[in-house]
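Here the structure is laid out as structure tokens; the discussion comes afterwards.
The values are calculated or read from the model by the stated rules, or taken from the named source; none is laboratory data. It should be emphasised that the depicted structure is a prediction, and the values quoted were computed from it without experimental measurement. Backbone-built Cβ (ideal geometry, glycine too); neighbour counts: all protein chains shown. Please note that ligands, DNA and RNA were not included when accessible areas were found on the heavy atoms of the full protein model with its side chains. Shrake-Rupley method; radii C 1.70, N 1.55, O 1.52, S 1.80 Å.
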Amino acid sequence: MSRKILVIVSEHGYWAEELIGPVSKFDERGYEVVFATPTGKRAHALPPSLDANFIDPPLGRSVTTEENARLGREFEQSSRLDTPLDIEAWAPERPYTSDAGYLRKLEQYHRDLEKLEADIAGYDALLIVGGSGPIVDLANNERVHALILAFKNAGKVVAAECYGVSCLAFARDWGDRKSIIWGKHVTGHCKEYDYKDGTGFLGTDFNMGPPPYPLEYILRDATGPRGAYHGNFGHPLSVIVDYPFVTGRSTPDSYLTGQKIVEVLEDGLTRYGW
């Protein structure tokens, strides 16, 4: 059965394996994959993710095999990311309360949300690719949140990897302002994997030490007392399925994340990893 997947990628750098892993699983099944970025610019891989000799500081070893480095470079050299959808032009953003004509703009915003819900009707799943870039332009992006909520409200699969899972924590209905993963089980970049120095991005002028927030703490709070964050530190892999959400912890979990999305879509999988 043909499927259509919307894959959101940061313009400030994605980790190569976290894109090629799941996308390779979609390609194997013949799915249509549509890429989108915050402003329609071409996304690029973070250079360390294309280097099999780069030593990941928290782990003290490389996390990229020669094969995945090669596949990442080939993807970068391909045209697949050349013309992504422009999320800024597609999804609405809520107006400021101080805007002139606020009420009329708010009404138009809700009409635009209804149009967005119609636009995504042909898609089966949404995936947010990981890497450090999502910290900059995806995590607190209201337009990205609007897409996530549209997929969730339509009962479609919502998946995210690594720092991309922060988007799920921050996507909230403006009524109760509770995270959409409240009461759910998720994984994501655990505290032990955070850099102490050198968290890097593309297209920025600043050098950052550790990430600006520990994702694990945010996810623990966002899931609430009846949900849970599963870091599974020390386990080779960590992918959690709690329908409609599929979350992958970090780089080595990328292929399994893609496989579990396929199993949710084709086999009706609703729970895995907890």
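The residues listed here are ALA121, ALA160, ALA125; of these, the one that is buried (at least 24 other Cβ atoms within 10 Å of the Cβ), closer than 25 Å to LEU269 by Cα and of a type in the set (A, V, I, L, M) is ALA160. The residue of the stretch 43-56 that is farthest from VAL144 (Cα to Cα), among those that are in contact with a strand residue (DSSP E or B) (Cβ under 9 Å, 6 or more places away or on another chain) and either at pLDDT below 95 or open to solvent by less than 60 Å² (accessible area, probe 1.4 Å) (or both), is ILE55. Annotation note: Cβ proximity below 7 Å between a residue of the stretch 128-143 that is buried (at least 24 other Cβ atoms within 10 Å of the Cβ) and a residue that is among the β-branched types (Val, Ile, Thr) and modelled with pLDDT of 95 or more (sequence gap 6+ or interchain) occurs for ILE128/ILE8; VAL129/VAL7; VAL129/ILE8; VAL129/VAL9; PRO134/ILE128; LEU138/ILE8; LEU138/ILE128; LEU138/VAL144. Total residues in the stretch 43-57 satisfying the condition of being assigned to a loop (DSSP other than H, G, I, E, B) and either under 22 Å from the mean Cα position of the chain (by Cα) or of a type in the set (Asp, Glu) (or both): the figure is 4.
In the stretch 200-216, the residues that are free of Cβ contacts under 8 Å to residues at least 12 places away in the same chain form Cβ pairs under 8 Å with partners that are exposed (fewer than 13 other Cβ atoms within 10 Å of the Cβ) and assigned to a loop (DSSP other than H, G, I, E, B), at six or more places apart or across chains, as follows: ASN207/GLY198; MET208/GLY198.
Restricting attention to the stretch 57-72 and to residues that are of a type in the set (Ser, Thr, Tyr) and open to solvent by less than 60 Å² (accessible area, probe 1.4 Å), the residue that is farthest from PRO252 (Cα to Cα) turns out to be SER62.
Reported count of residues in the stretch 179-193, each being at pLDDT below 95 and open to solvent by 20 Å² or more (accessible area, probe 1.4 Å), is 3. Within the stretch 58-74, being assigned to a loop (DSSP other than H, G, I, E, B) and without any contact (Cβ under 8 Å) to a residue 12 or more places away in the chain holds for GLY60, SER62. Residues in the stretch 75-106 that are in a helix (DSSP H, G or I) and loosely packed, with under 11 Cβ neighbours inside 10 Å: GLN77, ALA89, LEU103.
In the set (1) more than 19 Å from GLU18 (Cα to Cα); (2) under 14 Å from the mean Cα position of the chain (by Cα); (3) open to solvent by less than 10 Å² (accessible area, probe 1.4 Å), ALA150 fails one condition alone, (2). Comparison of ASN207, ASN232 shows that the only residue that is of a type in the set (S, T, N, Q) and farther than 25 Å from VAL7 by Cβ is ASN207.
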